[in-house]
Amino acid sequence: MLNKIENFISTHHLVESGELVIVGVSGGPDSMALLHILTDLSPRLGFGIAAAHLNHGLRLEADEEESFVRDACRGLGVTCFTRKVAVQELARARKTGLEETGRYARYSFFEELRQQIGGHRIATAHHRDDVAESVLLHLLRGSGIKGLRGILPLNGLIIRPLLRVSKQELLKYLELQQIPYSRDESNIDPYYLRNRIRHKLIPLLEKEFNPRIVDKLNQLAAIAGDENQVMEEQTEVLWNGVRLEEDPSTVVLDNRALTGQPRAFQRRIVQKTLSKIAAAEWSLDDVETILALSAREKAGSALNLHLKKGVRVIKSYDKMIFTLLPAVRTEFRYVLPVPGKVAIPAVGRSYQISLVDKKDYMPGRDVTGLDFERLPQPLWLRSRQNGDYYVPPGFKGRKKLKKCLAEIRIPYYQRNQVVLLTGDGHEVYAALGLFVAATAAVCSHTKLVLKIESSPSEITGSGNRCDRLVE
């Protein structure tokens with residue numbers, strides 16, 4: 001068995017010579033076997049080990065198990081690090097189940113310890129039977145190929161050296177080596193689905209359907225892993241082609257490119273995007289809901305999903321926006337000084353205002369010019385309001401601003417940041433950087449031009465009391 005494990009470690013490059021491996025040790029049979037096996041193999045493969053034990057504080061025996069692990073490590077000459085966490089209180093705070101919270105607490109501790117002592121890998125005691133249980137667990141939950149991979153030998157910095165050996169092999173090893181271990185009664189509690197799979201479903205499948213069901217489920221996991229790897233590599237290529245923008249809080253996808261992919265890759269592209277935004281277990285229902293939104297033809301404020309972890313997904317024309325930014329509306333209103341300067345922190349722009357003779361006026365990319373003598377006083381730079389309208393050049397009558405912004409395909413989520421030039425009423429004379437109304441456009445009779453020049457603002461945030469973020 002030791003030779004099998006050594007070959008498995010080498011084949012999958014789980015640990016290199018000179019590295020330090022942190023071994024998760026609960027005190028149960030699997031982790032005690034792992035501790036002793038890695039202690040035996042470490043001189044031959046040239047790596048060091050340290051043990052890590054998390055006391056969950058859930059059972060009366062928890063403190064005794066912590067002492068047991070400490071003593072066992074001391075006897076092997078292995079440094080042992082322990083931490084006690086009130087998992088029940090943590091579960092209430094995180095609003096997650098005990099099993100999920102315990103796993104979160106363990107891996108958080110292992111990773112913090114790894115960084116603290118300069119570790120390279122984290123080893124856990126998952127074995128061949130665990131792979132079979134994991135495949136069935138994901139199958140019952142309706143998983144795709146990714147879930148049917150079971151448990152991976154290498155996942156980031158986490159290694160599973162025992163995946164090619166069975167529970168019975170480990171128990172036999174412990175018996176032959178006379179290695180003591182503790183028993184966790186929660187591992188047979190039928191309340192947990194994994195325990196019911198372990199103690200009821202797998203024995204039933206072995207008895208009634210296939211005595212080698214564990215082997216066959218491991219075979220399925222290996223095939224699914226190989227096929228998933230191919231799809232993951234192709235998804236990476238496709239995702240880079242579909243992605244338009246990306247920062248830590250927002251990812252924007254080209255929806256036409258997304259919907260042009262086969263459904264299988266659409267799902268994976270959406271899953272990858274969600275994982276970029278927030279670490280969570282994203283279900284197929286989440287993905288299918290997003291793809292249903294993606295397929296809808298209408299675009300507007302109604303096309304807005306609120307998912308867990310504060311993630312929002314918005315369809316805006318040919319874009320799918322995945323964001324953690326809160327759903328807020330930006331409101332601002334500033335009197336226009338002539339001449340003068342206005343900074344609008346809510347949009348991150350500053351505006352220099354001046355009056356120039358028409359003959360001296362030069363249009364530019366960030367310059368808006370209007371016929372000053374055709375404008376009322378006072379003038380305002382403000383965000384949009386209900387009832388706003390303007391008169392387009394060459395158009396008889398007025399047009400609603402909302403309709404205009406839709407026609408020129410300004411995404412819904414950006415419309416509240418459009419800076420408008422207005423009087424005291426609802427007539428819009430200009431949307432800076434977008435258009436100038438016919439009632440204020442520079443023409444052959446213009447003498448004085450109101451010149452508004454835009455530039456990035458050095459002021460950030462909402463420091464001006466005129467700015468307001470409204471839920």
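Only the coordinates and a few stated rules stand behind these numbers; no lab work does. Remember, predicted model here, so these are calculated numbers, not experimental data. Cβ sites come from the backbone with ideal geometry, for glycine too, and all protein chains shown count toward neighbours.
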Listed peptides 418-430, 396-408 by packing density, highest first (mean Cβ within 10 Å) | 418-430, 396-408
Kirkwood Rh and Cα Rg combined as Rg/Rh, region 223-346 | 1.11
Gyration tensor on Cα atoms of region 6-153, a ≥ b ≥ c root eigenvalues, a/c under 1.5 rounded, else prolate if a/b beats b/c, else oblate, says oblate
Say a paramagnetic label sat at a point 7 Å from the Cα of M1, along Cα to Cβ; which residues of region 32-50 have their backbone N under 20 Å from it?
-> 32-45
Points 7 angstrom from Cα along the Cβ direction at H12 and N210: gap in nanometres?
-> 2.1
Once the Cα atoms of region 352-421 are picked out, what are the Rg and Dmax in Å?
-> 14.0, 39
Of K146/K216; K396/K451; K319/K396, which pairs sit farther than 23 Å apart, going by alpha carbon to alpha carbon?
-> K396/K451; K319/K396
Against the longest principal axis of the chain, how steep is helix 167-176, in degrees 0 to 90 to the nearest 10, with axes from Cα atoms?
-> 40
Principal axis dimensions, region 265-323 - Cα atoms, whole angstrom, descending | 29, 24, 17
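Cα gyration tensor of region 149-226, axes a ≥ b ≥ c as square roots of the eigenvalues: rounded (a/c below 1.5), prolate (a/b > b/c) or oblate?
Working: a/c = 1.44, a/b = 1.08, b/c = 1.33.
Judged from the Cα gyration tensor, region 149-226 comes out rounded (a/c under 1.5).
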Pairwise FRET efficiency - E407 versus K200, Cβ, R0 = 56 Å, nearest 0.05 | 0.35
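Please figure out what share of the DSSP beta bridges in the chain is antiparallel and state it in percent, rounded to the nearest 5.
Counting DSSP beta bridges with both partners in the chain, the antiparallel share is about 75 percent.
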With no solvent term and unit scatterers on the alpha-carbon positions of the chain, Debye gives log₁₀ I(q)/I(0) at q = 0.07, 0.10, 0.12, 0.14 Å⁻¹ of -0.57, -0.86, -1.07, -1.33
What is the calculated FRET efficiency for E233 to Q414, with r their C-beta to C-beta distance and R₀ = 30 Å, to the nearest 0.05?
-> 0.30
From the Cα gyration tensor of region 245-293, with a ≥ b ≥ c the square roots of its eigenvalues, which class applies: rounded if a/c is under 1.5, or else prolate if a/b is larger than b/c, or else oblate?
-> oblate
Debye, to nearest 20: dipole size of region 227-318, +1 on Lys, Arg Cβ, -1 on Asp, Glu Cβ | 340
